[in-house]
Amino acid sequence: MKWNPRKSASVAVAILQAFSQRLFDCANIQRVLLAAAFGFAALLATAETSRADENGVSFWIPGFFGSLAAAPQQAGWSLASVYYHTDVSGSGNIAVSREITIGRFNPALNTSLSANVNARADLGMLIPSYVFATPVLGGQASVSLLGMYGSNDTALNGTLSGTLANVPFTRSFALEQTTIGFGDLVPQFALRWNAGVSNYMVYLTGDIPVGLYDRFNLANLGLGHGAIDGGFGYTYFNPATGHEISATLGFTGNFKNTSTDYTSGIDLHLDVGASQFLTKQLQVGVVAYAYEQLTADQGCAPQLCPFKSRVLGIGPQIGYVFPVGGMQGYVNVKAYKEFENSNRPDGWNAWVTFVLSPAPPSAAPSPPPITKAPRS
């Protein structure tokens, strides 16, 4: 479940190297330093100033969970398909970090970089899952595997200025890359318990880094490293009134990216959904998320460390339940506008989800009333 704006900030390495070598004919000038970066843009979603995952991209996609997250499911196989679109931009440390991550700049030169990155991703996710009929620890166990395929289009624009050997210089660059392919695999295990209108869930998931990734790419679809994530959720759902509210809190631990010797910090994420079922089938409401990096990254350049990210998002949702043959279909459409971001690109994203699952057992029909035949 991730696309990578983190790779969405590759710098004009070749341009800068060629320029520096042309200016100074010094065999040793192969690296150019980024000393002073723009500040942090603030338009996506999470509040306050913290630091960020590698290049401002996390394993967790905020908004993955939503309404009815902890509600019980029907035993058997189900299949969810998700279309995810995101359009984000960032400047300052978000863009600069990608250049330093590439490892071609020396943070010791008197230079400054003003850079902006814009990324747009369209991902299709397929999530088969199985819900066990036999209780586990008194709850309902399920396993699933998320796979994805899609495209990531990223553009980086900036201006490098400074002095080398007391000679001032300014150079502008514009780079763009579109990557199409498969992303990482994300397995998940969950346990759910039901107690009347209250529902509880614990889950464990992680990232298997098999997706398309290259540290020198401007746009990637894989994360480049493994991750493990776990948390718990709660859903209040009263079928009599149609009121529903859900919240899922999780934490992400990241393994080292061996390509860059970079380890992102520990992340906290909260996904919230609240809705009203206007009928037994039609649902409307709001969704929101908060994402906060709790610990600093390891391996980032001194100019960027400590590097943490945060973002907030909120938006509307609508859902509809309907029969599909002998099964049940569910469609949910939701969108988020991001704000209060730090060290992370911001913008907006939209989700369209279709779930095909076993239909809930219908109540047994009541026998017809018994009446006495009139006597003749």
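The values are calculated or read from the model by the stated rules, or taken from the named source; none is laboratory data. Here the structure is a predicted model, which is why all the values come from computation and not from measurement. Cβ: placed from backbone, ideal geometry, glycine included. Neighbour counts: every protein chain shown.
Inspection of the stretch 232-249 finds no residue satisfying the criterion of being of a type outside the set (A, V, I, L, M), farther than 16 Å from GLY66 by Cα and within 26 Å of the chain's Cα centre (by Cα).
Checking each residue in the stretch 155-176 for being within 29 Å of ALA119 (Cα to Cα) and either surrounded by fewer than 17 Cβ atoms within 10 Å (Cβ to Cβ) or among the aromatic types (Phe, Trp, Tyr) (or both) picks out THR159, SER161, PHE169, THR170, SER172, PHE173, ALA174, GLU176. Considering the stretch 143-154, the residues that are crowded, with 17+ Cβ neighbours inside 10 Å and under 15 Å from GLN177 (Cα atoms) include one that is modelled with the lowest pLDDT, namely THR154. Just one of the listed residues (SER246, SER264, SER275) is among the small types (Gly, Ala, Ser) and modelled with pLDDT under 95, namely SER264.
Here is the figure for the stretch 250-262: residues that are free of Cβ contacts under 8 Å to residues at least 60 places away in the same chain and in a strand (DSSP E or B) total 2. Pairs are defined by a Cβ separation below 6 Å, a sequence spacing of at least 6 or placement on different chains, a first member in the stretch 133-147 that is closer than 14 Å to VAL202 by Cα and in contact (Cβ under 8 Å) with a residue 24 or more places away in the chain, and a second member that is surrounded by fewer than 17 Cβ atoms within 10 Å (Cβ to Cβ) and not acidic (Asp, Glu); the pairs so defined are GLY139/TRP193; ALA141/PHE132; VAL143/TYR130; VAL143/PHE189.
Could you tell me whether any residue of the stretch 364-376 is of a type in the set (Gly, Ala, Ser) and at pLDDT 85 or above? There is no residue in the stretch 364-376 that is of a type in the set (Gly, Ala, Ser) and at pLDDT 85 or above. In the stretch 331-364, of all residues being in a loop (DSSP other than H, G, I, E, B) and more than 18 Å from the chain's Cα centre (by Cα), the one that is surrounded by the most Cβ atoms within 10 Å (Cβ to Cβ) corresponds to ALA359. Of all residues in the stretch 89-132, exactly one satisfies the criterion of being at pLDDT 95 or above and not in a strand (DSSP E or B), namely PHE132. Residues in the stretch 187-211 that are within 20 Å of the chain's Cα centre (by Cα) and not in a strand (DSSP E or B) were compared, and the one that is surrounded by the fewest Cβ atoms within 10 Å (Cβ to Cβ) is VAL210.
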